[in-house]
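Okay, structure first, notes after.
The values are calculated or read from the model by the stated rules, or taken from the named source; none is laboratory data. The structure presented is a predicted model; accordingly, all values stated were derived computationally and were not measured. Note that each Cβ is placed from the backbone with ideal geometry, even for glycine, and that neighbours are counted across all protein chains shown. Ligands, DNA and RNA are excluded from the accessible area calculation, which covers all protein heavy atoms including side chains. Shrake-Rupley method; radii C 1.70, N 1.55, O 1.52, S 1.80 Å.
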Amino acid sequence: ARYFSLPLYVINTIFGGAILIIVGVIFVTLGTDFIDNLFAAAGVTGFRDYYLVIILFLIQFSLSTIAISSSSISLEGNTLWILQAHPVSTKHIFKAKVLFNVLVAAIPGIISSILISIALGIVYLPFLIIIIMISSYIVATVGLFFNLMYPKLDWQNIQEAIKQGMSVLVTMGVSLVALIAPIIIYFLLMGIVDELISLSIIIIAYIVIAFIFTKLLYKKGTKLFYNLTN
């Protein structure tokens, strides 16, 4: 309710979701043959071989901008003590903030995955959905952790917390690196192993990254949370 009651918050984090759906619509409406011919007319050949790499990059760039959690602590402002005093564990507080971010990012991501899979092949659908779910979780976890590290609790205008906090910029940068790194692995494996095997490998890489940031959030983030107002 708080998220949707702040138009600036919604606009600032919904852009990536719009890109995801637009990419899916372009592929399913124009078709791969039309896109091939379009690039061929511009003198670019062999573009089809890189469809998946480009799509993965666009997906991950879009997801890195849907960092709702990167300002969710800052928005508590001088009322943060109320959240800290609640008889609710830190784990549940963190889960609530992370999973809402995942929900908002995953809905357009799954819609885009379905559209892209219709154009490229339905065999890619489960892989794309898994990648989007894990990647959304990584962005949410990274965002919450860095908001705990760089909170902006003394804001006078809501815009300061949503757009001007250090955590927002750091989250986008770190998330983008974390999400793009496995795609480089996929690119290097092109022509060496099967596409689906490559996708499976990068999914494993994303799981490892998600595990690392989860441990970081719950181990160091908990201490940061209760020391914010001290």
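To the nearest 0.05, how large is the calculated FRET efficiency for TYR50 and LYS215 if R₀ is 35 Å and r is the Cβ-Cβ distance? Intermediate values should be presented prior to the final figure.
Working: r = 35 Å, r/R0 = 0.99.
E between TYR50 and LYS215, to the nearest 0.05, is 0.50.
May I ask you to derive the FRET efficiency for ILE130 and VAL208 from their Cβ-Cβ distance with R0 = 25 Å, giving the value to the nearest 0.05? Walk me through the numbers on the way to the answer.
Details: r = 14 Å, r/R0 = 0.56.
Calculated value: 0.95.
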When the accessible area of segment 74-230 is split by element with a 1.4 Å probe, what percent falls to carbon and sulfur? 72 percent
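Could you tell me which of the pairs LYS163/LYS220; LYS91/LYS215; LYS97/LYS220; LYS97/LYS219; LYS95/LYS219 are separated by over 22 angstrom between their Cα atoms in the structure shown?
Values: LYS163/LYS220 25 Å; LYS91/LYS215 12 Å; LYS97/LYS220 17 Å; LYS97/LYS219 16 Å; LYS95/LYS219 14 Å.
Listed pairs above 22 Å: LYS163/LYS220.
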Label-point separation, ILE107 to GLN164 (7 Å along Cα→Cβ), nm: 3.0 nm
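Once you have the Cα-Cα distance between ILE26 and THR222, take 0.36 nm times their residue separation minus that, and quote the gain in nm to one decimal.
On the way: separation 196, 0.36 × 196 = 70.56 nm, distance 4.29 nm.
Net length gain for the segment: 66.3 nm.
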Heavy-atom accessible area of SER5, protein chains in place, probe 1.4 angstrom, given in Å² to nearest 10, is 70 Å²
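What length, rounded to one decimal in nm, is gained on full extension from ILE192 through to ILE180, with 0.36 nm per residue of separation minus their alpha-carbon distance?
Numbers: separation 12, 0.36 × 12 = 4.32 nm, distance 1.98 nm.
Difference between extended and current length: 2.3 nm.
Which order, highest average first, do 7-14, 179-186 follow once you tally other Cβ atoms within 10 Å for each residue and take the mean per peptide? All intermediate terms of the calculation are to be shown ahead of the outcome.
Working: 7-14: 15.6, 179-186: 17.6.
Descending packing order for the listed peptides: 179-186, 7-14.
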Taking a probe of 1.4 Å and leaving out DNA, RNA and ligands, the chain shows per residue an accessible area in Å² of 49 Å²
What does a probe at SER89 reach in segment 209-228, counting residues whose amide N is under 14 Å from the point 7 Å along Cα→Cβ? 218-219, 222
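Given R₀ = 22 Å, FRET efficiency for ALA18-ILE118 by Cβ-Cβ distance, to 0.05?
Values: r = 19 Å, r/R0 = 0.88.
With a Förster radius of 22 Å, E is 0.70.
Could you work out the helix-only [θ] at 222 nm for the chain, with each DSSP H run of four or more residues adding -39,500 (n - 2.57) and the total divided by the number of residues, to the nearest 500 deg cm²/dmol? Show your work: numbers first, answer last.
On the way: 9 runs with 170 residues, N = 230.
Rounded to the nearest 500, the figure is -25000 deg cm²/dmol.
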